[in-house]
Amino acid sequence: MSRFRVTGMTCGNCARHVREAALSVAGVSIAEALPEKDSLTVWWKDAVPMPDTAVAAAVSAAGYPAKVLSESTVAEPSPRFSWKGWGFNTVLGAICTLPLMIGEWIFSAHGSPTFHTLGFVLATIAWLGCGSRFARGAWQQLKVGAFGMDLLVTLGASAAYLFSAVSWILHRPGHLYFMETAAILTFISLGHWIETRVSRQAEGALRALLHLAPSTARRRMPNGEEREVPIAELMPDQEVVLRPGDRIPTDGLVAEGESAVDESMLTGESIPVAKKLGTRLYAGTTNLDGRLVFRVTALGEATALAQIIAAVRRAQSSRASIQRLADRVTQVFVPVVVFVALATFLFWGFWPEAAAGLSRALSSWLWVVPVSAEPWANAVIHATAVLIIACPCAMGLATPAALMAASNAAARRGILLRDAIALEKAGRITTVLFDKTGTLTSGRPTVMETRSASLSESEAETATWLAVASSLAAPSSHPLSQAIAGLSAERMKLDGWKEYRGSGSGALLSAGGGSWKAATEVRLGSLAWTHGSASLAPEVRSAVEMWLSSGATVLCLWVGDRAVLYFALRDQPKEEAKAVVQELRDRGLAVRMVSGDSVAAARGIGLAVGLAEAEVFAEVKPESKADLLKQLQAQGHRVAFVGDGINDAPALAQADLGIAVTRASDIARESADLVLLRADLHAVPESLSLAGATLRIIRQNLFWAFVYNALAVPLAALGFMNPMLCALSMGLSDVLVIGNSLRLLRVKK
């Protein structure tokens, strides 16, 4: 991680330019720019050197001078009110503007020479004190050929001030625009200050995550003594003690005790999670009601909390393709506005009667506005209005503000977005394809019944075969294997154990005994794999057929050249699965399920969750799921694939939208577009709903920004907008875009 001091950032749009400049440097993974702190923080990709000077050069080349901060520099906390930023500008501007408003609007003192002098003094203070920040930003950007809002504000306020100052010095009759000068700078500063405050609200979830993990831990020393130590001093495999109410400082495994832990800030799941020996703990979660001792397994950026924070930041730093149009417009926006302002100045100055006539003609359709008898006064004030009312920031913020709010709203619910493109993908989905095991079902199948292949098998022989089956299943992480592994505590010695994905596992028995010889091949897996072309024995056929017809999964233990045991396993659908399937259908989406189980078993689960036979794809091996997705896509479906992330990486990558239902510890290796940190399937339609709402907000923001500028600039050019009103509306346009984006934080679950 590297930190930089950056000057010239005046709004969220400037921060976006700084982020993009930093991300253009090879090796930068995530960039976070904070205008209120004049700071930039970048996170580097693994095994990449840290060319801090390259980032500083790239940001400076974009028009924002950057300086590398040393590691010893302590970041200043962001106060509720800053005398160094827009708060100072707003207060100073208000002190200068309010007396002029009171004198002109209440006491009608505008014609008084004394009031003109007061106006000159106060406007000068505002122009130098408040306008200097805009001028510095405009100058830094002009030096690298960039044009931004600071240039428009500086030109507009300076035009009004200089025209009035010259008129005051030369004692020219007519209206002086000192009040307008101070008001322009005050209202725009107020808009930026509000924008900063509102933007911080949009980042609320991320900031809450940043402060979840405590800074110290209660380490248990080798001699049993407990000592409070900084987190930075912890090492893997050391033991940490947790008392009820403690925040968990880092990831680990429970070594002693039992308790319940609140993981809601990570997963969005409000129900506490029971923890006992060997279960995993995550940094930032809260130990509720028991004493725990855990062994440290991950520290710093390797913790699940750090991975989640990195994922949220990565999403906020990404760009949606819908933003490209806005970017192309903003690149030429400022030069066009300056050209329009110049044309307005010349039109009102050299052809005042034509300009006034056009304004009066439109007044019958709009509203009546007073026209000064001084042509060049009209020219200056209307050109100033054009410069002030134009707002490229609203267009630039339309997408980033919505994305910031969406990523934070999603993080609060235990949903992680990989990037902005994921939102656009989610808005175009027509079909949702669920993986069965661990997604629609609990992923914890149980053995319902065991049947020997021979009716004459003794209990001792059956116990031996159970030990063989458990020994074959134990090394596998597959849920079906784990269910078999628990049938016997005895373990047989095996050689050459190997797992065959989607089929089962096989090995050689190390020693002979009973009815088998040493090096006898044993296999545990599906009927199709273990039996090959062999048929079922008559004495077990009816039982197996009954199991299959009821939706059970049937596994067989094969020893040498014969079947010895059959197992019926059943994985129950999740309680909410049927309701979720119906909810997705109500949204107009087609729903399908894919499984590696037999046709009967898969259809049994499908029927239980409300799927027809044609909507269930059975006996599909893990490596063939991606091929199934290609077939659906070739038929015109835009498919979201929902899997548990264990064997589903190819399918998640092939899908138009990959949704992984996973554990928090697996975040770093997920290739999905969306990662659901809680097992509740309601998160699937919830994430799609949030994505749809985000796209609507982005389109609304862009529509408002384009329409606002398309209408406001011509109105200002024709004299229908007072510069003070222009400054207020321009400042509030940014706030409106961000405020509209904040509605995403209130999208109902």
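Among the conditions (1) part of a helix (DSSP H, G or I); (2) open to solvent by 10 Å² or more (accessible area, probe 1.4 Å); (3) farther than 24 Å from residue 336 by Cβ, residue 151 misses just one, which is (3). Could you look through the stretch 200-219, keep only residues that are closer than 28 Å to residue 278 by Cβ and surrounded by fewer than 18 Cβ atoms within 10 Å (Cβ to Cβ), and pick out the one that is modelled with the highest pLDDT? Per the criteria, the residue is 218. Taken together, the residues in the stretch 526-572 that are in a loop (DSSP other than H, G, I, E, B), under 27 Å from residue 498 (Cα atoms) and either in contact with a helix residue (DSSP H, G or I) (Cβ under 9 Å, 6 or more places away or on another chain) or hydroxyl-bearing (Ser, Thr, Tyr) (or both) amount to 5. Scanning the stretch 264-297 for residues that are at pLDDT 85 or above, among the small types (Gly, Ala, Ser), open to solvent by 20 Å² or more (accessible area, probe 1.4 Å) and in a loop (DSSP other than H, G, I, E, B) turns up just one, 278. Within the stretch 732-740, at least one residue is at pLDDT below 80, buried (at least 22 other Cβ atoms within 10 Å of the Cβ) and not in a loop (DSSP other than H, G, I, E, B). The set of residues in the stretch 160-175 that are surrounded by fewer than 24 Cβ atoms within 10 Å (Cβ to Cβ) and either part of a helix (DSSP H, G or I) or touching a residue at least 60 places away in the same chain (Cβ under 8 Å) (or both) comprises 162, 163, 165, 166, 167, 168, 169, 174, 175. Take the stretch 98-120 and flag every residue that is closer than 25 Å to residue 386 by Cβ and either among the hydroxyl-bearing types (Ser, Thr, Tyr) or crowded, with 22+ Cβ neighbours inside 10 Å (or both). Scanning the stretch 98-120 gives 100, 119. Checking each residue in the stretch 40-62 for being modelled with pLDDT under 85 and either under 15 Å from residue 10 (Cα atoms) or part of a loop (DSSP other than H, G, I, E, B) (or both) picks out 45, 46, 47, 48, 49, 50, 51. Consider residue 441 carefully, then state whether it is polar (S, T, N, Q) and open to solvent by 10 Å² or more (accessible area, probe 1.4 Å). Judged against the criteria, residue 441 is not a match.
When the stretch 495-541 is filtered for residues that are modelled with pLDDT under 90 and among the aliphatic types (A, V, I, L, M), the ones remaining, listed by number, are 509, 511, 518, 519, 527, 528, 534, 536, 537, 540. Cβ-Cβ contacts under 6 Å between residues 6 or more apart (or on different chains), taken from a first residue in the stretch 21-34 that is open to solvent by 10 Å² or more (accessible area, probe 1.4 Å) to a second residue that is of a type in the set (S, T, N, Q) and in a strand (DSSP E or B), are listed as 32/41. Would you say residue 344 is in contact with a Gly (Cβ under 8 Å, 6 or more places away or on another chain), of a type in the set (Val, Ile, Thr) and either open to solvent by 60 Å² or more (accessible area, probe 1.4 Å) or modelled with pLDDT of 90 or more (or both)? When the stated conditions are applied, residue 344 does not pass them. Listed conditions (1) modelled with pLDDT of 90 or more; (2) touching a Leu at 6+ places or on another chain (Cβ under 9 Å); (3) not in a helix (DSSP H, G or I) are all met by residue 580, apart from (3).
Could you go through the stretch 538-547 and let me know if any residue there is within 52 Å of the chain's Cα centre (by Cα) and closer than 16 Å to residue 455 by Cα. Yes: the stretch 538-547 contains one or more residues that are within 52 Å of the chain's Cα centre (by Cα) and closer than 16 Å to residue 455 by Cα. Within the stretch 605-628, the only residue that satisfies the criterion of being part of a helix (DSSP H, G or I), free of Cβ contacts under 8 Å to residues at least 12 places away in the same chain and farther than 22 Å from residue 656 by Cα is 613. Assess whether residue 743 counts as being open to solvent by 10 Å² or more (accessible area, probe 1.4 Å), assigned to a helix (DSSP H, G or I) and within 24 Å of residue 411 (Cβ to Cβ). Considered against the rule, which asks whether it is open to solvent by 10 Å² or more (accessible area, probe 1.4 Å), assigned to a helix (DSSP H, G or I) and within 24 Å of residue 411 (Cβ to Cβ), residue 743 comes out as yes. For the stretch 121-134, a tally of residues being surrounded by fewer than 19 Cβ atoms within 10 Å (Cβ to Cβ) and either under 16 Å from residue 189 (Cβ atoms) or touching a residue at least 24 places away in the same chain (Cβ under 8 Å) (or both) returns 5. Taken as a whole, the condition of being among the basic types (Lys, Arg) and open to solvent by 70 Å² or more (accessible area, probe 1.4 Å) does not apply to residue 625. Among the candidates 421, 429, 484, the residue that is closer than 30 Å to residue 651 by Cβ, modelled with pLDDT under 90 and surrounded by 16 or more Cβ atoms within 10 Å (Cβ to Cβ) is uniquely 421. Test residue 451 against the criterion of being more than 30 Å from residue 335 (Cα to Cα), basic (Lys, Arg), within 46 Å of the chain's Cα centre (by Cα) and surrounded by fewer than 24 Cβ atoms within 10 Å (Cβ to Cβ), and give yes or no. Answer is no for this residue. Only a single item in (1) in contact with a Lys or Arg (Cβ under 8 Å, 6 or more places away or on another chain); (2) modelled with pLDDT of 85 or more; (3) at positive phi is not met by residue 551, and it is number (2). Within the stretch 74-86, the set of residues being in contact with a helix residue (DSSP H, G or I) (Cβ under 6 Å, 6 or more places away or on another chain) and modelled with pLDDT of 50 or more comprises 85, 86. Taking the numbered list (1) farther than 29 Å from residue 594 by Cβ; (2) of a type outside the set (Lys, Arg); (3) in contact with a His (Cβ under 8 Å, 6 or more places away or on another chain) in turn, residue 465 passes all entries but (3).
The condition (being of a type outside the set (S, T, N, Q), under 16 Å from residue 168 (Cα atoms) and outside any loop (DSSP other than H, G, I, E, B)) is satisfied by just one residue among 111, 119: 119. Of all the residues in the stretch 629-648, those that are under 18 Å from residue 589 (Cα atoms), open to solvent by less than 20 Å² (accessible area, probe 1.4 Å) and either in a helix (DSSP H, G or I) or modelled with pLDDT under 90 (or both) number 3.
Residues of the stretch 169-180 include none that is aliphatic (A, V, I, L, M), closer than 28 Å to residue 376 by Cβ, out of contact with any helix residue (DSSP H, G or I) (no Cβ under 9 Å at 6 or more places or on another chain) and at pLDDT 90 or above. Within the stretch 519-568, the set of residues being surrounded by 15 or more Cβ atoms within 10 Å (Cβ to Cβ) and farther than 26 Å from residue 493 by Cα comprises 536, 540, 543, 544, 547, 548, 551, 552, 553.
Among the residues of the stretch 490-513, write down those that are free of Cβ contacts under 8 Å to residues at least 60 places away in the same chain, in a loop (DSSP other than H, G, I, E, B) and open to solvent by 90 Å² or more (accessible area, probe 1.4 Å). Once the filter is applied, which keeps residues that are free of Cβ contacts under 8 Å to residues at least 60 places away in the same chain, in a loop (DSSP other than H, G, I, E, B) and open to solvent by 90 Å² or more (accessible area, probe 1.4 Å), the stretch 490-513 yields 490, 491, 493.
The values are calculated or read from the model by the stated rules, or taken from the named source; none is laboratory data. Everything quoted here is computed from the prediction, not taken from an experiment. Heads up, the Cβs are rebuilt from the backbone with ideal geometry, glycines too, and the neighbour counts pull from every protein chain shown. Heads up: the accessible areas ignore ligands, DNA and RNA and are worked out on the full protein's heavy atoms, side chains in. Shrake-Rupley method; radii C 1.70, N 1.55, O 1.52, S 1.80 Å.
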